[in-house]
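Structure, as structure tokens:
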Amino acid sequence: MKKRRLPALLLAAVLVLSAPGCAKASGNYCMKADKITVTEEMYSYMFNSFYRSFAEEHADYVKSSGLDTSAPLSSQLRSDGSSWYDYLSSLLKARLEEMLALANGAQSEGVELSEEGEQNVERALEKHDKDAKASFMTTEEYLSANFGEGVTRDTAEKCLQLKELSEQYGKYLKENTSVSEKECESYYEKNPSSMLRYDYIKITVPKENVERLMSAYDRETFTYAVRDTITELNFQGNYGKFSEEIDRLTAEKTVYGESYIPGSELSIWAFEEGRRAFDIHTKEQSTGQITVTMILSAKDKENPYNEVLYRDDEPLRNVKYILFGDKAEAQGIYDKYEGVMSRDVFEELSERYGSESLENIDRQSCIKAMQGWVFDHERKVGDVGLAISPGGEAYIVLYEEPGEAAWLHEAKSLAATDGYKEKLAALKSEYPCKINEEKIAQVQEIPFKN
């Protein structure tokens, strides 16, 4: 990375952050690495900011665990016996260790805070100013009351600059961690389970309908059993009258490209050694109904790993779509151009109605209503189609181009992540972090109503 001079604002912040002599003389630091120091006031601001963000982002978990944000954290224990203060502090210390390593790495290369980063800092400070005014306080009073005694606007600014610089440099490292296809092949050979996939058909039914499904012995017979069950349970047995809707619902019971999900009973079962194609898994739900799942054969895949697991060589898709809340309107527009619907026509419609793009999507991440059309094996670049969801929304879809194979895209991402972790580990080693536990223990959280 080309070295650049730090702007005056950031340079001043770095000089204050550094102040190694003052930190040693007063002992007023909680964490430091090389020339960057996190003072007690900075740690207080960061801890209470992190605490509030954690409570907001994990609201369901906080509620289910019984954490009371209006009461002291140190007096509240988690299920493992640790206090909530110790738990959150351990998370923050790990995060700050990474931030300090990245910020030191950025400094060593003369990386300046980007304009976007500076704007993010300014917006955050302006929000503090606004919140202070709404509370009939000065900004200094507001910050001290909500983020800890001694926390000032200058404290917040230094913390925000440190955060933005570390994130910016981390993003740079990630974007510049390239992985070749040969390296991806090697990664796959060493870590196949992280990229293997399986397909299955799943339906949840009353207990009395299970036997019909359990008697199926391959994909075709199970599909017929699912179709007949749906017909019986939801359409009074009248397949002839409702065949189109029943066939759609039946098709939706097939799931393609499922990856291993840690802790999932179905995933653990599917990945068990010796799993055979068309084996059936059952699970009783809390409602008393039974979920019946048949795992499908991988023999028709390009690179099967065993009978049921395979490497996903299907190309990812790049598409654009126009969303209509009224399917009749979409149908009318599509019918008007039927036979001459092209990329150019789609772009004209896009200018009129607006459009969205989906890049490098696989079956799992594709909008369900358009999944069948987008991943039709006969789909060609430039095709435009109409997809209608059961809820009434409709999509006019343009297939722009194929992406790389799904497994290759994922391998690049996983290998690049590993590469980034190696770079981060090297930075941590080069800039070891010192932690002053005595000072950290003095930092108090500020209770608040969540």
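Okay, residues lined up against (1) touching a strand residue (DSSP E or B) at 6+ places or on another chain (Cβ under 8 Å); (2) among the charged types (D, E, K, R):
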| residue | (1), (2) |
| --- | --- |
| Lys190 | no, yes |
| Ser193 | no, no |
| Glu208 | no, yes |
| Leu213 | yes, no |
| Thr229 | yes, no |
| Glu232 | no, yes |
| Ser243 | no, no |
| Ala251 | no, no |
| Glu258 | yes, yes |
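Can Met137 be described as within 26 Å of the chain's Cα centre (by Cα), hydrophobic (A, V, I, L, M, F, W, C) and open to solvent by 10 Å² or more (accessible area, probe 1.4 Å)?
Working: within 26 Å of the chain's Cα centre (by Cα): no; hydrophobic (A, V, I, L, M, F, W, C): yes; open to solvent by 10 Å² or more (accessible area, probe 1.4 Å): yes.
No, not satisfied.
Considering only the stretch 184-199, state which residues are open to solvent by less than 10 Å² (accessible area, probe 1.4 Å) and modelled with pLDDT of 90 or more. Show your work before the answer.
Taking the stretch 184-199 and keeping what is open to solvent by less than 10 Å² (accessible area, probe 1.4 Å), we get 184, 195-196, 198-199.
Result: Cys184, Leu196, Tyr198, Asp199.
Go through the stretch 16-92 and tell me which helices (runs of 4 or more DSSP H), entirely inside it, have 1 or more residues that are modelled with pLDDT under 90 and hydrophobic (A, V, I, L, M, F, W, C). Break it down stepwise before answering.
On the way: elements: 20-26, 40-57, 59-65.
Fully inside the stretch 16-92 and qualifying: 20-26, 59-65.
Tell me which of these Ile261 doesn't satisfy, since it passes every other one: (1) open to solvent by less than 50 Å² (accessible area, probe 1.4 Å); (2) on the phi < 0 side of the Ramachandran plot; (3) in a loop (DSSP other than H, G, I, E, B).
(1)
Among the residues of the stretch 414-428, which ones are more than 23 Å from Tyr188 (Cβ to Cβ), out of contact with any Gly (no Cβ under 6 Å at 6 or more places or on another chain) and touching a residue at least 40 places away in the same chain (Cβ under 8 Å)?
Passing the criteria: Leu424, Lys428.
Checking the condition within 30 Å of Ile261 (Cα to Cα) and either open to solvent by 70 Å² or more (accessible area, probe 1.4 Å) or at pLDDT 95 or above (or both), which residue from Val179, Val121, Val151, Val205 passes?
Values: Val179 fails: either open to solvent by 70 Å² or more (accessible area, probe 1.4 Å) or at pLDDT 95 or above (or both); Val121 fails: within 30 Å of Ile261 (Cα to Cα); Val151 fails: within 30 Å of Ile261 (Cα to Cα).
On inspection, the qualifying residue turns out to be Val205.
If we only count helices (runs of 4 or more DSSP H) wholly inside the stretch 150-242, which ones have 3 or more residues that are hydrophobic (A, V, I, L, M, F, W, C) and touching a residue at least 60 places away in the same chain (Cβ under 8 Å)? Walk me through it before giving the result.
On the way: elements: 153-175, 181-190, 210-214, 219-234.
Here the list reads 153-175, 210-214.
The values are calculated or read from the model by the stated rules, or taken from the named source; none is laboratory data. Remember, predicted model here, so these are calculated numbers, not experimental data. A quick note on method: Cβ atoms are made from the backbone with ideal geometry, for glycine too, and the neighbour counts reach across all protein chains shown. Please note that ligands, DNA and RNA were not included when accessible areas were found on the heavy atoms of the full protein model with its side chains. Shrake-Rupley method; radii C 1.70, N 1.55, O 1.52, S 1.80 Å.
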